[in-house]
Every structure is written in structure tokens, then in C-alpha cells.
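Okay, so here's the structure we're looking at.
The values are calculated or read from the model by the stated rules, or taken from the named source; none is laboratory data. Note that the coordinates shown come from a computational prediction; the quantities given were computed from them, not determined experimentally. Cβ sites come from the backbone with ideal geometry, for glycine too, and all protein chains shown count toward neighbours. Accessible surface is based on the protein model in full, side chains and every heavy atom, while ligands, DNA and RNA are left aside. Shrake-Rupley method; radii C 1.70, N 1.55, O 1.52, S 1.80 Å.
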Amino acid sequence: MAVFVYAENINGIYKKAAFEAVSYAKAVAEKMGEKVSAITVNPSDSSDLLYKYGADNVISIKDDGLKNFSAKAYAQAVNEVANGNIIVFPHTTDASSIAPMLAIMNNYSLITNVLEAPESISPFQVKRRAFSGKGFMHAKADAQGVIITVSQNAFGVKENPVAGTEEVKNLSVANEDTKVISHEQSSGKLDLKEAEIVVSAGRGMKAPENWGMIEDLAGLLGAATACSKPVSDIGWRPHSEHVGQTGKAISPNLYIAVGISGAIQHLAGVNSSKTIVVINSDPEAPFFKSADYGVVGDAFQIIPELTQKIKALKG
Ligand SMILES: Cc1cc2nc3c(=O)[nH]c(=O)nc-3n(C[C@H](O)[C@H](O)[C@H](O)COP(=O)(O)OP(=O)(O)OC[C@H]3O[C@@H](n4cnc5c(N)ncnc54)[C@H](O)[C@@H]3O)c2cc1C
């Protein structure tokens, strides 16, 4: 029986999280000696992109009723085509609202925020993130089937090219619960949850007009920008950049925190970053305890210097 994976796309374009979920599904399928079937809804990208990470088969759902996202309608559509005991989702906002519905529909176990390939397949047992990223848990699925969501940037995107095949499924799922009245999209910005590098700043930046240096540094590094809660609360930065317990939880490879004290609620959303660099003028700032690298000093001096050094290195 194939391992199924939900390959999320945004307006038809696959997200990096989809490639990571397919890579994960491939690792599971290989342990079982099985194939990977990727499910996607109204894609415009080529299925070749999924074959590259190990999808042996792509089930491409075509349904005009699914042009606007609704967790319930998407769960119904995925449920119509996924007939396996293991279904993998990326831990994105949309996918992590479909996954629990599918678990209920099938009476399957649900294990979210999975970090590594499973420790065993039968029973399905795996390490997952717990306690807002402050700890880990080894979870075992008791039901006959299991639905998992894979934490972003945890397993990684792994190429595993196969000669895949595509199946088109024309569906017409009722999508009547929610009507989209208007639709706004922040364009041109790197998706914070998917970013490999994040430059984040807090109240230590003193005023919104000082964010130019943060954006310059982020631009140079190909990074997304983030901020602490009070910064978005007072309107210095958009709420979409707020990270932490009440904001987005992220796990980039590199998190650079500038002028952020490191309150526990902030750490809850960022402490699973692979490497943390803290720049703070107060040597006693709590964030230094969680940092891999710490720089004690004035951000207004350090950030421009750092930016210049990186520019010079890049030639
Ligand atoms: C229920 C609840 C939920 C919360 N959720 C979140 C959340 O999701 N995310 C979040 O971020 N917070 C959250 N908070 C708020 C959190 O407790 C902190 O108040 C907040 O994170 C502090 O933001 P900050 O570090 O930007 O500001 P501050 O605590 O004011 O820290 C500013 C830092 O900048 C440093 N600094 C000042 N000047 C400079 C300079 N020139 N150069 C370098 N460093 C400088 C200071 O030394 C200080 O460490 C929550 C709080 C509660 C009660």
C-alpha cells in the first residue's frame, strides 16, 4: 500500500514544504518497501518537481470548487483519493488544518510536528516537537492508520529522483461553508515559515524607521524578516512578522535576533532554529542563554558593520 503525501501548492505553485513532505514520505515508503503517492489540488506546476523528491505517482485533483481554500472541502477531496494507512502532510497553516479532519474521518491517529524519520513503522513511532518547541516527545500511533504533519525545515528537502506517473482526478466537492469576500496577498516577500534564514528585531530598534538596516541585512542574506510581539502590537511591523508563542513558530537554519530580550514567549516560537545568533547591548539579556553565538553591543553599530562585511565577502 502506498504512502500518501499531501503536496501543498499556493496558487498552483508548490511550496518548499511540499518537497520536504514528499522527501519525508519517500523515507517512510523506503522503510516499508512501498511507493509514494502525492496528492495535490489544482496545480499549475509540473509533477516533475515532485518526482524529483521521490513521488512515484502524482494524483492531481482538478476541482473548480476548490479554488478557494477550505479545510473541510480539502479534507473531503484528499479523503476521496488517499486510501493508505500513512498520510503525510507538511506542518503548514493550511495542511495542519486539513490533517486533523482527515484523522477524524478515518479514525486514524494524528501525530503533528514530526521531526525525524519514524523509529518504527508498525507500530508507527516517531519523534515530535512538544511543549512549544521546548521539548521532544516520542509518539506511538495506536490506530490502524496514522496521519502526520512534518515540521518545516526539520527533515529537510532531499532529492530522490524517480520516473513518476500522473493521474488526474476530476472532482466536484461541495465547498459551501465559507465564501471569500475579498483577498489580499502580501507579495514579493519570502515566506517566514519557509525561510532558511530569518533576521528578526525587537524593541531594541527603538523606532520603525530604523528597520532599513534590518531589511538591508535580510536582503543581502536572502532572509525573511521577523519581529517580536510588542513591535507588531505597536504597529512598527506587520503582524505577519510576529514570531513566538502567540505568533508564528519558525525553525530556520539561522535565526538572527537583534535587540530582542529573549522572553520565554518569544523563544517558544524560535528556539527550534538550528543556529541562533543574538545581538544585544545588555550582556544579561536572557536570549544569550539560548544563543549559539552572541554579540554584546549596540545594534546600530553592529548591523551596518556586519552588512558591510558581508557585502565585501560577496564581492
Ligand atoms: C501571553 C503572552 C504571550 C506573548 N507572546 C509573545 C510572542 O509570541 N512573541 C514575542 O516576541 N513576545 C511575546 N510576548 C511578550 C514577551 O513577554 C516580551 O515582552 C517580548 O518578547 C519583548 O519584546 P522585545 O524583546 O522586542 O522587547 P524588550 O523586552 O523591551 O527587549 C528589548 C531588548 O533590546 C535590547 N536593546 C536595546 N537597545 C539596543 C541596542 N541599541 N542594540 C542592541 N540591543 C538593544 C535590550 O537590551 C533588550 O534586551 C508575550 C507575552 C505574553 C504575556
Query raised in the report: Taking the stretch 26-38 as the search range and keeping residues that are free of Cβ contacts under 8 Å to residues at least 60 places away in the same chain and part of a helix (DSSP H, G or I), which one is farthest from E167 (Cα to Cα)?
Result: E30
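If you scan the stretch 32-91, which residues turn out to be of a type in the set (F, W, Y), farther than 19 Å from V173 by Cα and open to solvent by 20 Å² or more (accessible area, probe 1.4 Å)?
Applying the first criterion (of a type in the set (F, W, Y)) to the stretch 32-91 yields 51, 53, 69, 74, 89.
Going one step further and asking which of them are farther than 19 Å from V173 by Cα, we end up with 51, 53, 89.
Of everything in the stretch 32-91, those that are of a type in the set (F, W, Y), farther than 19 Å from V173 by Cα and open to solvent by 20 Å² or more (accessible area, probe 1.4 Å) turn out to be Y51, Y53.
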Query raised in the report: Looking at the stretch 252-272, which of its residues are open to solvent by less than 10 Å² (accessible area, probe 1.4 Å), more than 12 Å from the ligand (Cβ to nearest atom) and assigned to a loop (DSSP other than H, G, I, E, B)?
Result: P252
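Check V173, V198 and return the single one that is open to solvent by less than 20 Å² (accessible area, probe 1.4 Å), modelled with pLDDT of 90 or more and either farther than 30 Å from V81 by Cβ or within 16 Å of the ligand (Cβ to nearest atom) (or both). Let's see the steps before the verdict.
Working: V173 fails: either farther than 30 Å from V81 by Cβ or within 16 Å of the ligand (Cβ to nearest atom) (or both).
Only one candidate qualifies: V198.
Just need a number here: residues in the stretch 274-299 that are hydroxyl-bearing (S, T, Y) and either near the ligand (Cβ under 8 Å from one of its atoms) or not assigned by TED's automatic domain parsing to the domain that holds Y255 (or both). Break it down into steps so the answer makes sense when it comes.
First, the residues of the stretch 274-299 that are hydroxyl-bearing (S, T, Y): 275, 281, 290, 293.
With either near the ligand (Cβ under 8 Å from one of its atoms) or not assigned by TED's automatic domain parsing to the domain that holds Y255 (or both) added as a condition, the list becomes 281.
Residues flagged as hydroxyl-bearing (S, T, Y) and either near the ligand (Cβ under 8 Å from one of its atoms) or not assigned by TED's automatic domain parsing to the domain that holds Y255 (or both) within the stretch 274-299 amount to 1.
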**Report entry** Number of the exception - Q308 against (1) in contact with a strand residue (DSSP E or B) (Cβ under 7 Å, 6 or more places away or on another chain); (2) open to solvent by 70 Å² or more (accessible area, probe 1.4 Å); (3) away from the ligand (no atom under 13 Å from the Cβ)
**Finding:** (1)
Query raised in the report: Could you list, in sequence order, the residues of the stretch 6-23 that are within 16 Å of L115 (Cα to Cα) and β-branched (V, I, T)?
Result: V22
Query - Scan of the stretch 273-304 for residues that are touching a residue at least 60 places away in the same chain (Cβ under 8 Å) and part of a helix (DSSP H, G or I), ordered by number - result: A299, F300, I303, P304
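For the stretch 165-231, list the strands (runs of 3 or more DSSP E) that sit wholly inside it and hold at least 3 residues that are in contact (Cβ under 8 Å) with a residue 60 or more places away in the chain and more than 23 Å from the chain's Cα centre (by Cα); which are they? Before the answer, list the steps.
Details: elements: 165-170, 197-201, 224-227.
It comes to 165-170.
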